[in-house]
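Values in this text are rule-based calculations from the coordinates and carry no lab data. Not measured: the values here are computed from a predicted model. Cβ coordinates were reconstructed from backbone atoms using ideal geometry, including for glycine residues, and neighbour counts include every protein chain displayed.
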Amino acid sequence: MPKLLLDLTAAKGLNSGFFPSADPSAGMPWKDGRNAWFKELGVEKILGRVKQFSTIAGGPKAITQAFVEGEKRIYYEDGANIYYWNGVDQTAIDSLSPGGTYWLEPFGNFLLVTDGITQPRIWRNTGAFVPIGVGQFSRAKILKKLGEHVIAYSTDVYPAGMHWSDTSNPEQWDPAPEDSRANFLPFRDLDSEVMAVANLGATHAVYSREAMQIVQFIGGDEVFGRPTQGLQGVGAVGTRSVVSLDRFNFGIGKGGVYQTDGTSVVYVDRPAVDSFLQESVDWSKGEEVVGYHDERLKMVVWSLPLAAGGTVNLGIDAARNLGSADKQITFIGDSFSAAAERVVFDNPIIGMPDGVYFASVPGTKMPDIVLASHLYSPDPAFYTLWDFLLVGGTIPVGEVRFGFTDTPTMASLEWTPWLPLTPRVPIPFRESIYIAMELQVLEDIRITSLKLYGETAGPVL
């Protein structure tokens with residue numbers, strides 16, 4: 001009589017996320033997959049993407065958004081040219097240097113841009129772009145607003161430092177006039193140039209390669225406070241590698257995935273994905289690391305360049321408090337080159353190789369979902385005769401296959417052909433010590449339980 005050998009529900013690890021860094025026989029359910037949304041009561045397919053318009057030169061390297069004179073706009077880079085889209089038309093407004101590190105920053109009705117190579121510029125919503133900061137610096141990596149000022153970080157004058165504009169005047173950067181509130185400040189104790197800047201509550205978190213400091217507006221004659229003594233060992237690999245979420249920042253780099261409130265930090269990639277990140281990601285391409293917060297998915301999502309070529313999109317649960325050790329990991333296809341969280345529009349905005357898309361659109365789903373398990377054995381001291389799999393939930397047309405092995409390695413698995421995925425799936429007759437399964441579905445699916453039945457066979461001699 002077959003016995004229940006594996007009972008996966010939401011309370012027993014069904015929705016625990018992927019663990020590509022775990023040992024195959026360590027007891028974690030899922031090894032790998034794609035587009036799996038691990039929710040409170042089960043697993044379903046991630047929300048889909050909807051294309052808004054095409055681009056010419058490939059994936060945009062910078063995207064932002066603004067509400068200008070009653071019009072919602074997406075500003076984006078395409079082939080070193082700057083455009084905006086108002087829901088109907090795409091309008092070219094300027095060009096930058098090819099091969100630059102692009103940053104676009106709205107400031108009221110204005111748009112500030114930099115390519116990290118030439119003089120930063122401003123567009124006043126009409127006419128041509130005009131240079132800013134002339135005589136103070138000739139290039140900047142990052143432009144960000146804070147209060148009534150624009151701050152230029154990582155300039156040619158102060159790679160580890162900042163310049164800021166006059167109050168409400170992003171074209172005036174000269175501190176010499178008596179009534180000017182513009183100024184500059186070098187950061188004497190950073191280990192490298194400024195690599196990234198992210199909002200952290202009402203402050204800026206400024207990241208070098210291995211440290212973070214806080215810049216805050218204080219008003220008065222000083223305008224901005226001297227950066228506080230920050231955190232060591234928490235850095236950035238590129239301008240878009242740190243994501244802001246309320247009073248937290250989420251960053252990713254050689255040390256793993258971390259979450260910080262500016263005073264403390266916790267790494268949240270262990271044990272699920274830490275080894276995978278170190279072994280698989282090409283951290284020398286840090287400027288290709290792009291992250292954003294997806295409010296609907298309650299995830300921070302990064303696109304990461306792989307050492308073997310291509311990219312992988314990592315999503316990590318951002319709904320729990322600082323220090324939570326049970327954050328789910330998932331992988332989401334396909335790659336994106338720029339992103340912006342939901343602000344002006346109703347959805348996050350991502351730049352993909354063929355155009356600009358809204359992400360996580362309600363009523364849509366990603367093209368497929370793939371779930372690949374680790375190894376399972378009820379008792380490695382005995383062989384098991386596997387019988388059938390019961391799948392609970394909403395089960396559409398899909399496929400499942402089973403792998404068998406007597407050694408605790410994924411490479412030794414012998415796989416069955418793909419079988420139709422139904423609520424009850426008979427397993428081809430086979431005895432083994434370990435079993436694995438893989439599911440792939442094109443339609444929408446909601447899995448609430450997986451129950452594996454079989455019976456004990458002979459002992460392992």
field: Cα→Cβ-extended label distance, 7 Å offset, between ASP7 and GLU295, nm
entry: 4.1 nm
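Where Rh is the Kirkwood radius over the Cα pairs of the stretch 129-168, the temperature 4 °C and the viscosity 1.567 mPa s, what D in µm²/s does Stokes-Einstein return?
Values: Rh = 10.3 Å.
Here the translational diffusion coefficient equals 126 µm²/s.
Mind jotting down a quarter of the surface of the convex hull over the alpha carbons of the stretch 267-323, in square nanometres, one decimal?
Working: hull surface 17.2 nm².
In nm², the orientation-averaged hull projection of the stretch 267-323 is 4.3.
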field: Residue-wise HN-Hα coupling along the stretch 392-407, computed from phi with Karplus coefficients 6.51, -1.76, 1.60 (Hz; x: Gly, Pro)
entry: x, x, 9, 10, x, 5, x, 9, 9, 9, 10, x, 10, 7, 10, 10
message: Quick one: 3J(HN,Hα) in Hz for the stretch 232-238, Karplus 6.51/-1.76/1.60 with θ = phi - 60°, rounded, Gly and Pro as x.
response: 9, x, 10, x, 10, 9, x
message: 5 Å is the cut-off here: which amide hydrogens, built 1.01 Å from N in the peptide plane, fall below it relative to ASP94, excluding neighbours closer than 5 in sequence?
response: ILE82
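For the stretch 75-153, report the translational diffusion coefficient in µm²/s to the nearest whole number, using Stokes-Einstein at 37 °C, 0.692 mPa s, and a Kirkwood Rh over Cα pairs. Walk me through the numbers on the way to the answer.
Numbers: Rh = 12.8 Å.
After rounding, the answer is 257 µm²/s.
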task: Taking H placed 1.01 Å from N in the peptide plane, check which residues at least 5 places from ASP78 or on another chain put their amide H under 5 Å from its amide H.
output: TYR83
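Which semi-axes, in whole Å and largest first, does the equivalent ellipsoid of the stretch 109-193 have when worked out from the alpha carbon gyration tensor as the square roots of 5 times its eigenvalues? It would help to have the intermediate numbers written out before the result.
Numbers: eigenvalues 81, 48, 24 Å².
After scaling each eigenvalue by five and taking roots: 20, 15, 11 Å.
Kirkwood Rh, the chain, all Cα pairs: how many Å?
Numbers: mean 1/r = 0.0417 Å⁻¹.
About 24.0 Å, per the Kirkwood formula over Cα pairs.
Cα gyration tensor of the stretch 201-275, axes a ≥ b ≥ c as square roots of the eigenvalues: rounded (a/c below 1.5), prolate (a/b > b/c) or oblate? Walk me through the intermediate numbers first.
Values: a/c = 2.58, a/b = 2.25, b/c = 1.15.
Here the stretch 201-275 falls in the prolate category.
Please sort by residue number the trypsin sites (Lys or Arg not before Pro) in the stretch 37-144 whose DSSP state is loop and whose Cβ has at most 13 other Cβ atoms within 10 Å.
Working: sites: LYS39, LYS45, ARG49, LYS51, LYS61, LYS72, ARG73, ARG121, ARG124, ARG139, LYS141, LYS144; in loops: LYS61, ARG124, ARG139.
Taking the stretch 37-144 and a limit of 13 other Cβ atoms within 10 Å, no loop trypsin sites (Lys or Arg not before Pro) are found.
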- request: Quick one: Debye curve from the alpha-carbon atoms of the stretch 346-461 only, equal weights, vacuum; give me log10 I(q)/I(0) at q = 0.20 Å⁻¹ to two decimals.
  value: -1.05
field: FRET efficiency estimate (nearest 0.05) - Cβ-Cβ, ILE56 to PHE110, R0 30 angstrom
entry: 0.75
statement: With x for Gly and Pro, the residue-by-residue ³J(HN,Hα) of the stretch 35-50, computed from phi through the Karplus equation 6.51 cos²θ - 1.76 cosθ + 1.60 at θ = phi - 60° and given in whole Hz, is 6, 9, 9, 8, 9, 4, 10, x, 10, 9, 7, 4, 4, x, 10, 10
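Between GLU193 and THR228, what FRET efficiency comes out of the Förster formula 1/(1 + (r/R0)^6) with R0 = 25 Å and r the beta carbon distance, rounded to 0.05? Don't skip to the answer; put the middle values down first.
Details: r = 19 Å, r/R0 = 0.76.
About 0.85, to the nearest 0.05.
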message: For the stretch 330-401, place one equal point scatterer on every Cα, skip the solvent, and apply the Debye formula. What is log10 of I(q)/I(0) at q = 0.11, 0.19 Å⁻¹?
response: -0.53, -0.95
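For the chain, what is the mean residue ellipticity at 222 nm derived from helices alone (per DSSP H run of n ≥ 4: -39500 (n - 2.57); sum divided by total residues; nearest 500 deg cm²/dmol)? Numbers along the way, then the final one.
Working: 1 runs with 7 residues, N = 461.
Rounded to the nearest 500, it is -500 deg cm²/dmol.
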